[in-house]
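The values are calculated or read from the model by the stated rules, or taken from the named source; none is laboratory data. Every value quoted in this text rests on a predicted model; they were computed, and no experiment measured them. Cβ atoms come from the backbone with ideal geometry, glycine included; neighbour counts cover every protein chain shown. In case anyone asks, the SASA skips ligands and DNA or RNA and just uses the protein heavy atoms, side chains included. Shrake-Rupley method; radii C 1.70, N 1.55, O 1.52, S 1.80 Å.
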Amino acid sequence: MKLLVDSGSTKADWIAIDDNGKVLFTTQTLGLNPEVLDKEEIISRLDDKFDISHNKLKATHLFFYGAGCGTDRMKDFLTITFQEYFSNGAISVHEDTYAAVYATTPKNEEAIVCILGTGSNCSYFDGTVLHQKVQSLGYIAMDDCSGNRFGRHLLRGYYFNKMPRELALEFEEEYNVEPDNVKHNLYKEPNPNAYLATFAKFLIKHKDTEFCKKFIYAELEDFVENYIKQFDNCTQIPVHFVGSIAFYLKEELVAVLSKHKISVGNVLRRPIDGLIAYHVMNK
């Protein structure tokens with residue numbers, strides 16, 4: 001049994017397949033970002049799902065693609081953690097961009113591949129190897145055009161009384177915006193980036209309002225300038241996207257990239273289904 005995992009900071013999609021690609025089960029855990037979680041919390045999130053805990057000794061391979069896995073230190077940490085848990089399986093840990101590449105990019109083709117979800121990143125795939133020019137410093141310093149960035153904008157807009165009154169009233173109805181609750185989630189709970197990203201649904205729902213539009217287009221412009229344009233060939237090859245922010249803001253995404261003469265390729269909400277075909281072909 002092979003376990004294929006695509007993990008962001010908010011959630012992780014799991015699919016178990018046999019050697020022929022037949023799906024044995026699917027499930028979802030909370031996100032497993034090693035940059036913000038310790039070993040005990042990761043194990044707790046695995047134990048919380050019966051399908052995973054019940055079948056952990058049956059797994060022959062675990063292919064994990066995750067946010068926060070861009071450094072050898074984080075890959076090694078997760079590999080050791082998973083090896084203890086899935087003791088009969090071979091463990092392979094990659095950064096989440098590889099899942100996006102395998103799901104969006106035809107074999108041996110060049111592309112720039114971006115993730116716009118809870119966090120964000122951008123890489124160049126030369127048909128074989130992934131290249132990055134920007135080393136992420138995490139959600140506090142980077143993550144342009146991500147769910148957590150939009151959440152930060154909305155909270156600041158609300159608390160600085162910049163949010164239009166009708167939107168502010170609806171915001172209060174949908175979320176607990178009491179200061180103590182907000183500060184507790186930001187500073188006392190794990191995954192503050194995922195907490196911030198929960199507010200992005202509100203922005204997407206109201207994306208046609210001037211208040212939300214200004215954040216959407218400003219963040220998209222920043223992402224193009226700070227990430228995509230790091231690669232000199234960005235106007236010559238397709239730029240693929242994975243993630244809920246890209247998926248639900250596709251119209252705005254295409255409009256901004258077109259201004260820069262950049263061609264938008266595939267836009268997927270999540271890459272997990274594409275991973276099945278890849279791992280069956282490369283078993």
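Restricting to region 116-145, name every residue that is under 12 Å from the mean Cα position of the chain (by Cα) and of a type in the set (D, E, K, R).
The one that is under 12 Å from the mean Cα position of the chain (by Cα) and of a type in the set (D, E, K, R): Asp143.
Give the residue that is farthest from Ile216 (Cα to Cα), with candidates limited to residues of region 252-268 that are surrounded by fewer than 16 Cβ atoms within 10 Å (Cβ to Cβ) and of a type in the set (D, E, K, R).
That would be Lys261.
Under 7 Å between Cβ atoms, at least 6 apart or on separate chains: pull out the pairs that start in region 120-143 with a residue that is within 19 Å of Gly8 (Cα to Cα) and end on any residue that is open to solvent by 60 Å² or more (accessible area, probe 1.4 Å) and charged (D, E, K, R).
Correct list of pairs: Gly138/Glu35.
State which residue is farthest from Ser87 (Cα to Cα) when the search covers only region 1-24 and only residues that are in contact with a strand residue (DSSP E or B) (Cβ under 8 Å, 6 or more places away or on another chain) and open to solvent by 30 Å² or more (accessible area, probe 1.4 Å).
As a first pass, look at region 1-24 and keep what is in contact with a strand residue (DSSP E or B) (Cβ under 8 Å, 6 or more places away or on another chain): 1-8, 10-19, 23-24.
Subsequent filtering for residues that are open to solvent by 30 Å² or more (accessible area, probe 1.4 Å) retains 1, 10-11, 18-19, 23-24.
On the way: Met1: 13, Thr10: 26, Lys11: 23, Asp18: 18, Asp19: 19, Val23: 22, Leu24: 20 Å.
Checking each candidate, the answer is Thr10.
Among residues belonging to region 227-251 that are buried (at least 19 other Cβ atoms within 10 Å of the Cβ) and under 16 Å from Lys207 (Cβ atoms), point out the one that is nearest to the chain's Cα centre (by Cα).
Gly243
Count, please, the residues in region 80-109 that happen to be under 18 Å from Thr60 (Cβ atoms) and either free of Cβ contacts under 8 Å to residues at least 12 places away in the same chain or surrounded by fewer than 17 Cβ atoms within 10 Å (Cβ to Cβ) (or both).
Summing the residues that are under 18 Å from Thr60 (Cβ atoms) and either free of Cβ contacts under 8 Å to residues at least 12 places away in the same chain or surrounded by fewer than 17 Cβ atoms within 10 Å (Cβ to Cβ) (or both) in region 80-109 gives 6.
Does His279 satisfy being modelled with pLDDT under 95, surrounded by fewer than 20 Cβ atoms within 10 Å (Cβ to Cβ) and not charged (D, E, K, R)? Spell out the reasoning first.
Working: modelled with pLDDT under 95: yes; surrounded by fewer than 20 Cβ atoms within 10 Å (Cβ to Cβ): yes; not charged (D, E, K, R): yes.
In short, yes.
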